[in-house]
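The values are calculated or read from the model by the stated rules, or taken from the named source; none is laboratory data. Since the model is a prediction, treat every value here as computed from it, not as a measurement. Virtual Cβ from ideal backbone geometry, glycine too; neighbours counted across all protein chains shown.
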Amino acid sequence: MMVQTENHQNRQKLEELKKLINDDLYLAGAIQRIAQVLSEELLEEQSRGAVHGRKRQRWI
């Protein structure tokens, strides 16, 4: 019985996520949040003196 309840909850969650992935406002917010977190992490690394390992590429 416990497995059936978990499967039902998983299906409900999956349906919710499917709806959200098609919601432009939700996606814009999610992308903004990812950018914010990554920016904060980069700034923290810079303040500790860490060097970012990626080199700038020249476009020809």
Cβ-Cβ below 6 Å, separation at least six or inter-chain, first residue in the range 1-26 and assigned to a helix (DSSP H, G or I), second not hydroxyl-bearing (Ser, Thr, Tyr): which pairs?
-> 26/20
Of the residues 56, 33, 48, which is of a type in the set (Lys, Arg), out of contact with any strand residue (DSSP E or B) (no Cβ under 9 Å at 6 or more places or on another chain) and modelled with pLDDT of 95 or more?
-> 33
